[in-house]
Amino acid sequence: MIDPETGAPRTVDHYVRRRLSDLPVSGRSCFIDIELAQTRDGLGRRLIEATDFVVKGGRYTARFCHFISGLCRYMSIHAVSKHLGIRWETVKNIDKAFLLSTLPALEPEKLTNLVHIGVDEVARAKGQ
């Protein structure tokens, strides 16, 4: 195992089992069981092996998160959560993280030739 901060090799303390949700197959949920190496650094922090196909800190594959974010372009978060059988908050957090990683940062100084600004919702009953 390679330490992500220093790049030095580390010895593996033990392996951690994870069950990851992946893309549905024939309309049924699909799970992948994997083992990831775990070690500790000099400060006692737990370091888990990094993989390309697992979202950092999550229990979902990267392609499943990409799929969820793609569905959110055309369906509501509630509809996506019902369709996939996962919590509403999970769908929201996955979509938010994917958007933050893919969209460029908003730079106000580049917004010079604005013609129209759109408003998504207005709630007059609540005094907003």
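The numbers here are math on the coordinates, done by the rules we state, and not lab data. None of these values were measured; they are calculated from a predicted model. Counting neighbours? That spans all protein chains shown, and the Cβs are built from the backbone with ideal geometry, glycine included.
Summary of computed values
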quantity: Anisotropy class of the chain from Cα gyration tensor, a/c 1.5 cut; calculated: oblate
quantity: Ranked VAL16, VAL55, VAL119, criterion: other C-beta atoms within 10 Å, fewest first; calculated: VAL119, VAL16, VAL55
quantity: Most to least packed among 79-91, 23-35 [average Cβ atoms within 10 Å]; calculated: 79-91, 23-35
quantity: Neighbourhood net charge (10 Å Cβ-Cβ; Lys/Arg +1, Asp/Glu -1) for ALA37; calculated: -2
quantity: Zone of LEU36's modelled label, taken as backbone nitrogen in region 58-81 under 18 Å from a point 7 Å along Cα→Cβ; calculated: 58-66
quantity: Fraction of antiparallel bridges per DSSP, region 14-102 only, in percent to nearest 5; calculated: 95 percent
quantity: Over the chain: helical MRE at 222 nm, DSSP H runs n ≥ 4 each giving -39500 (n - 2.57), nearest 500; calculated: -8000 deg cm²/dmol
quantity: Dipole magnitude of the chain about its Cα centre (Cβ charges: Lys, Arg +1; Asp, Glu -1), debye to nearest 20; calculated: 540 debye
quantity: Relative contact order [Cα under 8 Å, 6+ residues apart], region 6-128, whole percent; calculated: 16 percent
quantity: Per-residue Cβ neighbour rank within 10 angstrom, fewest leading, LYS110, LYS92; calculated: LYS110, LYS92
quantity: Least to most buried among THR61, THR112, THR102 (fewest other Cβ within 10 Å first); calculated: THR112, THR102, THR61
quantity: Rounded FRET efficiency, nearest 0.05, which uses the C-beta distance separating ALA125 from THR6 and R0 of 41 Å; calculated: 0.15
quantity: Approximate spin-label separation HIS78-LEU23, in nm, with each point projected 7 Å along Cα-to-Cβ; calculated: 2.9 nm
